[in-house]
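The values are calculated or read from the model by the stated rules, or taken from the named source; none is laboratory data. Here the structure is a predicted model, which is why all the values come from computation and not from measurement. Methodologically, a virtual Cβ is constructed for each residue, glycine included, from the backbone with ideal geometry; neighbour enumeration extends over all protein chains shown. In case anyone asks, the SASA skips ligands and DNA or RNA and just uses the protein heavy atoms, side chains included. Shrake-Rupley method; radii C 1.70, N 1.55, O 1.52, S 1.80 Å.
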Amino acid sequence: MRLPNKSERSPMRSTSQIAISLYFPHALTCSLRCVHRQIYNADRGLGFPQQFKIIPFVSQDGTVQWPTAWGLPPLLDTRAVNNLKDSQLDQYLDGYGIKHVGLDRELKLTKLGEYIGYIPADSSTSHGMTFFFMLAMGCLLYFYFPQLFV
């Protein structure tokens, strides 16, 4: 395969986009773009102040549809995810191919959040661990060196 010369290139496409389209099937390219966006979103915390990237719906044949084309609100932060109506939540899960029949709303939201790359903070975050570590160190200092606290 050869790379197209400058006259064959679209001015809106970069060389890397052209190389990807030549060497990867369309479905794989869409999957790679989705994974890239999921990794990007995982680094955005709650989506404030840097918003999430929208993950497109990718069908079995590799066609891409944006959720906004289905009339769905863009999931730019966790507030947008949590404010979804039940019908919108089900549409998102169907669009991403996530099995959700019989699940309660909280589990559906968790599955959707995991898919788009949102990693919720839990009780074992670095702040909690740091607090308990510092508390333990303070207790040890108090017991071994009580003269420091006089």
>> Among the residues in segment 92-101, are any open to solvent by 70 Å² or more (accessible area, probe 1.4 Å) and farther than 19 Å from residue 114 by Cβ?
In response: no
>> Can you list residue pairs whose Cβ atoms sit under 7 Å apart, with the first residue in segment 45-60 being in contact (Cβ under 8 Å) with a residue 24 or more places away in the chain and the second being loosely packed, with under 14 Cβ neighbours inside 10 Å? Count only pairs 6 or more apart in sequence or on different chains.
In response: 56/65; 56/66; 57/65
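Quickly run through segment 64-76 and pick out the residues that are in contact (Cβ under 8 Å) with a residue 24 or more places away in the chain, open to solvent by 20 Å² or more (accessible area, probe 1.4 Å) and in a loop (DSSP other than H, G, I, E, B). Steps first, answer last, please.
The initial filter retains those residues of segment 64-76 that are in contact (Cβ under 8 Å) with a residue 24 or more places away in the chain, namely 64-65, 67, 70, 75-76.
Okay, now just the ones that are also open to solvent by 20 Å² or more (accessible area, probe 1.4 Å), so 64-65, 70, 76.
Scanning segment 64-76 gives a single hit, 76.
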